[in-house]
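Here is the structure we will look at.
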Amino acid sequence: MLLLALCWPAAAGAQAGGGELELLSVTTAEDGTQQYSVTLQVLLLMTLLSLLPAALIMMTSFTRIVVVLAILRQGLGTQQTPNNQILIGLALFLSLFVMAPVLERIYEDAAKPYLEETLNAPAALQAAGGPIREFMIAQVRQPDLQLFAELGGYEGFETPADVPFSVLVPAFVTSELKTAFQIGFLLLVPFLIIDLVVASVLMSMGMVMLSPLIISLPFKIMLFVLVDGWSLVMSTLAASFLVN
């Protein structure tokens, strides 16, 4: 809206002078391709940049990683240590590591040809969607994909390329949440056992007024450090994407 407000005086002056409005124009070439004006390309680029955070969260490995790390912190019982900024930063850079092959394909198939002006903007966007679609298709669960296809009124898809993003993205996010909670459950079991053992010992000693969490916290941290827990969690999360 701010961009349109700034462009409005120039548009009004052009119309008053009898000239054409060239700010937002689409021209069709002889081969049938469409060329967008620079102003329209900038407007589309700014719109895509505003949707970038949502795409980062919903269309990459970020969701699974950050949920698992949050459940791990809850299982350790360390309250806000590590804090949210550290967890999000760790999840972000691990997501970049997992998504590196996909990003390289996007650059080679879409960004580089577009910068070299061998592909127009619509063709570049379509080419960039291919690697992301393949990544999400490899991770999505078929029951979730079928569920959202039925909700969207689709009977079925012959090939993965026929699955629209309006169906694929919610199915992918649902699958990622389910997988993240499964991994989080496996991480919580050892900590739960430690809490139960400490609570039983304290009850048998008559220390019912002492919180078991205070006593079990050092044991859980010691166990996590001894087994090199951070390396195991990071490698497991990365391998959960690479195996598929």
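Observations, loosely collected:
- For the stretch 122-130, Karplus couplings with θ = phi - 60° (6.51, -1.76, 1.60), whole Hz, Gly/Pro x: x, 5, 5, 5, 5, 5, 5, x, x
- C-alpha center-to-center spacing [the stretch 142-186, the stretch 116-133] in angstrom: 24
- Solvent accessible area, Å² - residue 81, 1.4 Å probe, full protein context: 90
- Gain upon complete extension [residue 97, residue 211; 0.36 nm per residue less C-alpha separation]: 37.0 nm
- Quotient of the Cα radius of gyration of the stretch 71-135 and 2.2 N^0.38 Å, N being its number of residues: 1.66.
- Evaluating 6.51 cos²θ - 1.76 cosθ + 1.60 at θ = phi - 60° for every residue in the stretch 161-170, the Karplus couplings come out as 5, 7, 6, x, 5, 5, 9, 5, 5, x Hz, glycine and proline recorded as x.
- Extension gain (nm, one decimal) between residue 239 and residue 186, 0.36 nm per residue minus Cα-Cα: 17.5 nm
- When nucleic acids and ligands are ignored and a 1.4 Å probe is applied, residue 181 ends up with an accessible area of around 130 Å².
- Taking 185, 191 and ordering them by how much accessible surface each has at a 1.4 Å probe, largest first, produces 185, 191.
- Estimated inter-spin distance, residue 116 and residue 85, nm [label 7 Å along Cα→Cβ]: 4.2
- Charge dipole (Cα centre; +1 on Lys/Arg Cβ, -1 on Asp/Glu Cβ; no other charges) of the stretch 96-188 amounts to roughly 340 debye.
- Ranking by accessible area, most exposed first, for 158, 150 with a 1.4 Å probe: 158, 150
- When 217, 125, 147 are compared by accessible surface with a 1.4 Å probe, the order from highest to lowest is 125, 147, 217.
- Phi-derived couplings, Karplus 6.51 cos²θ - 1.76 cosθ + 1.60 at θ = phi - 60°, listed residue by residue for the stretch 80-92: 9, 10, x, 6, 5, 5, 5, 5, 5, x, 5, 5, 5 Hz, with x used for Gly and Pro.
- D (Stokes-Einstein, µm²/s), Kirkwood Cα radius, the stretch 97-171, 1.567 mPa s at 4 °C: 96
The values are calculated or read from the model by the stated rules, or taken from the named source; none is laboratory data. Computed from a predicted structure; not experimentally measured. Note: ideal-geometry Cβ built from the backbone for every residue, glycine included; neighbour counts use all protein chains shown. With ligands, DNA and RNA removed, areas are computed over all heavy atoms of the protein, side chains included. Shrake-Rupley method; radii C 1.70, N 1.55, O 1.52, S 1.80 Å.
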